[in-house]
Amino acid sequence: MPNTSRPRRSALYMPGSNTRALEKARTLACDAIIMDLEDSVAPDAKKLARKQVVEAIKQGGYGKREVVVRVNALDTTWGYKDIAMAASSGADVILLPKTESANAVRQLEHIMDESGAPDDMEIWCMVETPRGVLRAELIASASPRVSCLVMGTSDLAKDLHAHHTRERIPMVMSLGHCLLVARAYGLSILDGVHLDLGDDEGFKQSCLQGKDFGFDGKTLIHPKTISKANEIYGPSVDEVKWSNDIIAAFDVARAKGEGVVVIDGKLVENLHIVEARRIVKMSERIDELEADINK
């Protein structure tokens with residue numbers, strides 16, 4: 001079953017061909033590390049990257065961070081061996097790029113099973129083409145291992161012939177559709193990368209927009225963006241306090257046989273309690289993750 005209670009505020013891509021990057025990732029405060037064998041690795045470095053990623057994962061030191069391996073697509077020279085390697089590497093997740101069909105997910109799952117992947121190893125699917133967006137529901141429901149959709153907005157913009165605007169209006173329909181699919185199937189969903197590393201304000205606005213849409217976090221391409229993504233996508237102190245307050249008040253009211261709770265003039269119903277418990281649980285998991293990183 002998908003593990004949607006894990007914090008996924010920040011998921012940082014790290015080139016598998018860069019040993020210094022893989023080492024540095026052990027010290028970074030991101031929630032997930034995506035060790036990349038695909039776009040950030042040149043064709044003549046693919047085999048070396050695969051070897052280095054396996055060695056880095058087996059060496060460990062990533063603590064409670066989620067370790068993800070982005071493999072090459074199945075229709076490439078490297079895809080099958082990437083998956084077979086990642087399945088037994090000790091990683092938590094395999095990320096499949098350019099996912100466009102349920103069959104691609106099932107092929108990935110079959111190779112994972114053949115290669116000895118543990119039962120709790122998850123699949124993340126990148127949605128980064130028009131066909132992927134249109135088939136998002138089939139992709140999300142293709143396997144019980146699928147736990148997260150990852151938006152690939154750079155490739156999607158290219159395929160749409162769209163412009164990268166700060167408001168991302170050309171992306172709204174695709175982002176919203178995939179978000180609906182993720183929530184319908186109980187999956188996490190991560191927003192795409194912000195390419196302009198010199199545009200700090202634009203990055204902030206992109207995170208705020210993604211949080212308003214309902215995304216769980218953002219994929220990143222540079223360590224300097226981790227803290228802002230964590231800040232925006234994580235529950236605030238006020239949100240956690242309010243959540244704890246309404247949970248406590250609701251429990252007292254229920255013990256008295258009362259079905260309605262009013263706090264500060266606001267009606268609190270069961271749907272608010274469900275969300276409050278999610279926020280508190282997420283805050284607890286973030287505290288555990290940060291304590292593990294800082295120890």
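Each value in this text was obtained by applying a stated rule to the coordinates, not by laboratory testing. Only a predicted model underlies this, so the values are computations on that prediction, with no experimental measurement involved. So basically every Cβ, Gly included, is an ideal-geometry build from the backbone, and we count neighbours across all protein chains shown.
Figures for the structure shown
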read-out: Packing-based exposure ordering (other Cβ within 10 Å, fewest first) of 76, 129, 153; value: 76, 129, 153
read-out: Normalised convex hull volume, region 237-294, alpha-carbon set, Å³ per residue; value: 71 Å³
read-out: Cα Rg, Dmax, region 10-233, angstrom units; value: 16.3, 46
read-out: Residue order, fewest to most surrounding Cβ atoms within 10 angstrom, among 69, 240; value: 240, 69
read-out: The chain, relative contact order [Cα under 8 Å, separation at least 6], %; value: 18 percent
read-out: Fluctuation leader among 218, 98, 81 - the chain, Gaussian network, Cα springs under 10 angstrom; value: 81
read-out: Value at 222 nm in deg cm²/dmol, rounded to 500, when DSSP H runs of n ≥ 4 in the chain each add -39,500 (n - 2.57); value: -14500 deg cm²/dmol
read-out: For region 1-80 versus region 145-196, the gap between their alpha-carbon centres in whole angstrom; value: 21 Å
read-out: Per-residue ³J(HN,Hα) for region 168-182, Karplus 6.51 cos²θ - 1.76 cosθ + 1.60, θ = phi - 60°, Hz, x for Gly and Pro; value: 6, 4, x, 9, 4, 5, 5, 4, x, 4, 5, 5, 4, 4, 4
read-out: Ranked by how many other beta carbons lie within 10 Å on average, peptides 241-254, 135-148 from highest; value: 135-148, 241-254
read-out: Cα Rg, Dmax (largest Cα-Cα span) when computed across region 11-106, Å; value: 12.5, 37
read-out: Acute angle (nearest 10 degrees) that the helix 270-294 long axis makes with the longest principal axis of the chain, alpha-carbon atoms; value: 50 degrees
read-out: Karplus-derived 3J(HN,Hα), 6.51/-1.76/1.60, for each residue of region 198-211, Hz, glycine and proline x; value: x, 9, 4, 5, x, 4, 4, 5, 5, 5, 4, 5, x, 5
read-out: Whole-Hz couplings from phi, Karplus 6.51/-1.76/1.60, listed for region 148-154; x for Gly and Pro; value: 7, 9, 10, 6, x, 6, 5
read-out: Exposure proxy order (Cβ contacts within 10 Å, fewest to most) of 65, 285; value: 285, 65
